[in-house]
Amino acid sequence: MISNDMAWYMIIISAVLINNIILIRFLALCSFFGVSNKLETSIGMGMAVIFVIVIAGAASWLLWHYLLLPLKLEYLRTAAFILVIAGLVQFLEMYMRKAMPALYHAMGIYLPLITTNCAVLAVALLVIDYNLGFINTLIYSVSVPVGYTLSIILFAGVRERIDIAPIPKFLKGYPIIFITASIMSMAFLGFSHLFGL
């Protein structure tokens, strides 16, 4: 659990390792399994998710504190945050199509799926639920996708090794991928008592 008076480094450690959005909270698994077959696309997806989550977290915090709360429209929180996220992803998609066409095509359907990536919405909701100040919101909004990127890059590296490993036929494909993800999750679970968090 993250509180507003928590030191910035504790927020980073908690979001990246202890409460990793993929391996501990089990959010954003669609892109985790779908894009992690190559290291380059995993890095690109990680960078795109970092950009979207940081902007979405900050925009959601501002929207909540300066529009929804003063106008007593708290019940519109989820819908408003989804609209902000969808707009950001559309902007990112248009930019990548022009500036990085190879990465845009490599990511395929998973780029527009950032709109429905539950990690993005989770961060927007969690910064409000944790009652973080704006600076801590920015720190948390950077740390969560860094944890996502770390997980997906590590997993992509392992998957590239798995592709050339002598694996029994009945384990090839998704069975070995799910087993590997489970082992990675257990490894990250080892951070759960780090610094008493």
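Summary of values
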read-out	value
Neighbourhood net charge (13 Å Cβ-Cβ; Lys/Arg +1, Asp/Glu -1) for Ile167	+3
Most mobile listed residue (Ala28, Ala119, Ala79) in the chain, GNM with C-alpha springs under 10 Å	Ala79
Heavy-atom accessible area order for Asp129, Asp163, largest first, 1.4 Å probe	Asp163, Asp129
Per-residue SASA entry for Ile53, accessible area with 1.4 Å probe, Å² rounded to 10	0 Å²
Karplus-derived 3J(HN,Hα), 6.51/-1.76/1.60, for each residue of region 150-158, Hz, glycine and proline x	4, 4, 6, 5, 4, 5, 5, x, 5
Rough spin-label spacing in nm, given labels placed 7 Å along Cα→Cβ, for Ile179 and Asn131	4.7 nm
Charged-residue dipole, Cβ positions (Lys, Arg, Asp, Glu), the chain about Cα centre, Debye nearest 20	400 debye
Theoretical ellipticity at 222 nm over the chain - DSSP helices of four or more residues, -39500 (n - 2.57) apiece, nearest 500	-21500 deg cm²/dmol
Percent carbon-and-sulfur accessible area, region 38-146, ignoring ligands, DNA and RNA, probe 1.4 Å	73 percent
Residue among Pro145, Pro101, Pro175 with the largest mean-square fluctuation in a Gaussian network model of the chain, springs linking Cα atoms under 10 Å	Pro175
Debye, to nearest 20: dipole size of region 38-146, +1 on Lys, Arg Cβ, -1 on Asp, Glu Cβ	160 debye
Summed residue charge, Cβ within 15 Å of Tyr66's Cβ, Lys/Arg positive, Asp/Glu negative	+1
Positive-end extreme of charge dipole, region 39-197 - chosen from Ala80, Leu171, Ile139 (charges on Cβ)	Leu171
Net +/- balance of residues flanking Ile153 in space, Cβ distance below 15 Å, scoring K and R +1, D and E -1	+1
Region 38-146 - accessible surface per residue (Å², probe 1.4 Å)	48 Å²
Over 26 Å [Cα-Cα, the chain], rounded percent	36 percent
Furthest towards positive pole of dipole, Leu62, Tyr130, Ser31, structure part the chain, Cβ charges	Ser31
Signed unit charges on C-beta, dipole axis of region 82-197, positive-most listed residue Val158, Val120, Ser182	Val158
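The values are calculated or read from the model by the stated rules, or taken from the named source; none is laboratory data. Everything quoted here is computed from the prediction, not taken from an experiment. In this analysis, Cβ positions are derived from the backbone assuming ideal geometry, glycine residues included, and neighbour counts consider all displayed protein chains. Note: accessible area is taken over every heavy atom of the protein model, side chains too, but ligands, DNA and RNA are not part of it. Shrake-Rupley method; radii C 1.70, N 1.55, O 1.52, S 1.80 Å.
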